[in-house]
Structure formats: structure tokens, C-alpha cells
1. So what are the ³J(HN,Hα) numbers for region 164-178, from phi and the Karplus equation (6.51, -1.76, 1.60; θ = phi - 60°), rounded to whole Hz, Gly and Pro as x?
2. To the nearest 500 deg cm²/dmol, what mean residue ellipticity at 222 nm is calculated for the chain from DSSP H runs of n ≥ 4 alone, each contributing -39,500 (n - 2.57), summed and divided by the residues?
3. Send over a whole-number figure in Å² for the accessible area per residue of region 1-136, probe 1.4 Å.
4. Quote the FRET efficiency, to the nearest 0.05, computed for Ser13 versus Leu70 with a Förster distance R0 of 22 Å and r equal to the Cβ-Cβ distance.
5. Can you tell me the convex hull volume per residue for the chain, based on C-alpha atoms, in Å³ to the nearest whole number?
6. Can you work out the FRET efficiency for the pair Ala100 and Ile44, with r the C-beta to C-beta distance and R0 = 25 Å, to the nearest 0.05?
7. Counting only the heavy atoms of the protein chains, how much of Thr148 is accessible to a 1.4 Å probe, in Å² to the nearest 10?
8. Report the local net charge at Leu209: Lys and Arg +1, Asp and Glu -1, summed over other residues whose C-beta lies under 13 Å from its C-beta.
Amino acid sequence: MWLSAFLVVGVVSAFTLINTLTMQADRPQTPAWEIWTWSITSAIFTLGLIWIPWIAARLASPGQTPWLALIAIHLAVGVVYSGLHVAGFVAARNLVYALAGETYGLGPLLEDFPYELRKDLLTYGSTVALFWLTRKDPAPANQNHSPTLFDIKDGKRITRIEVASLLAVRGAGNYVEFLLENGSRPLMRVTLVALQKELGLVRVHRSWLLNPSCVTGLSPDGSGDWTVQLGSLQVPLSRRYAAALDALRAASS
């Protein structure tokens, strides 16, 4: 949201400056204060209405809304956006002109509004697209959640375990050893890296992963190394895995 808003402010400010200087060059007979009034009032209400494309982009976006409905929704909202924008800057210009002892007139509505509408639809569409491009996609529902069950496969033998009963995993050559609460230690040919990602385990040593929900204590060994208690099981935590120590401390606090 904030990145998009800053980008919109920057683009609108730059366009306002360029457009104003261009109009001054094209209309040397028009007083400068009038040209600046036109540009600034339009920019103020463009930025003041930024919440409309932001809400519309959140409620109707590609991948969530069918394309025909998406186009219809944003065309309808774009017309409302333009109406509010025009009404806003006309009111502001009338006030400025009145203070200057002058009268402001937009011109015939049926002639001038379509011109303003085309510009506003372009601004609205660009802002919506910017919000789409810079939005953060929500994480999948199952991301960062380990499965409740896991199959340990050793040849043709499969041992199904509850992940909550898994205390730790230790590297054992080309295999890994699963250390379970019931004392059993089945083996499986798999890498520690794959298990860490799949089961949401914490790497605490070159050869060890552990289940953070089973940690019952931490004690320093000196030289920056620690011992992690998981009930009666003790697992080494190397000083090289300082991030793991921080994570376990945060989980236990």
C-alpha cells in the first residue's frame, strides 16, 4: 500500500509540474496563477481520492474476479472516481477564483466532462494497476505449517508417525534417524534439508534437526555452544546456528 501511494504521489507531482509548465508555454496570455490553480486543484483531488482505486484493487483483482466482471466493476468505479474528482476541483477552483475576485467556469458539462472522464479513467486505471503490481500476495494457507502425519519409508516398510511425537532427526550417513517420543528410532533415506522444509523443523547442528514444540530446556556449554533438552533427550546446538538459538528462545518465552 505505502509503496504504491509514494509512487502515485511522485508520478502525480511530476506530471503536475510538467503539465503546468507546458500550459504556461502554450498559453502565455493566461495568468500564471490560473494555470497553477487548475493543476494544483486537480492534483490535490487526485491524491485525495487515492483510497478509491486502492479499495477497488483489493476487492476486484485478476485471478480473483472474472475478467468481464473485473472490467465492468472498474469502469463503474472509474466513472464515480471521475465524478468526485471533477466535482472536487471545480469547487476548489470556484473558491480560489472567488477570493481573487474572478469567476471560474468549467464549461458545458456534456462537452467538458467526457474530456475529464478520459483523463480520469487513465489515471484511475494506472493507479489500480500499480496497486496490483506492488501488492503482497497472501501466503498459501498451508505455508509454514507442518503436516500432522508423516510417513517414514524404509524400503517397502512404511511407518506412519504423528509429527508432534517427533523429537528430533539426526543425520546418519546416507540415512536420517527419527527420534520419537516412544523411544523408537526408525531410519529413512532422505536429506535433512528436505525434512527441515517439509516438517517445519529447526536446524541446530550440521547433523541435527529438532521439533521446536518439544523443547523443554536450554543450557549453555561454553564457547557459544548449547544443549537443548527435549524431555530426556539432549541435542547439541552449535554456535554456528545462532538464528536457531534465537528462535528457540523466542518460542519458549
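1. Coupling constants for region 164-178: 5, 8, 8, 7, 7, 10, 10, x, 9, x, 7, 10, 10, 10, 8 Hz.
2. On the way: 7 runs with 129 residues, N = 253.
Theoretical 222 nm ellipticity from helices: -17500 deg cm²/dmol.
3. Details: 8320 Å² over 136 residues.
Spelled out: the 1.4 Å probe surface of region 1-136, per residue, equals 61 Å².
4. Plugging the Cβ-Cβ distance into 1/(1 + (r/R0)^6) gives 0.15.
5. Details: hull volume 56.9 nm³, N = 253.
Considering the Cα atoms of the chain, their hull volume per residue is 225 Å³.
6. Details: r = 17 Å, r/R0 = 0.70.
With R0 = 25 Å, the Cβ-Cβ based efficiency is 0.90.
7. 110
8. Values: positive: Arg170, Lys197, Arg203, Arg206; negative: Glu177, Glu198.
That works out to +2.
The values are calculated or read from the model by the stated rules, or taken from the named source; none is laboratory data. No experiment lies behind these values; they were computed from the predicted model shown. Using ideal geometry, Cβ is built from the backbone for each residue, glycine included, and neighbour counts are taken over all protein chains shown. Note: areas computed on protein heavy atoms with side chains; ligands, DNA, RNA excluded. Shrake-Rupley method; radii C 1.70, N 1.55, O 1.52, S 1.80 Å.
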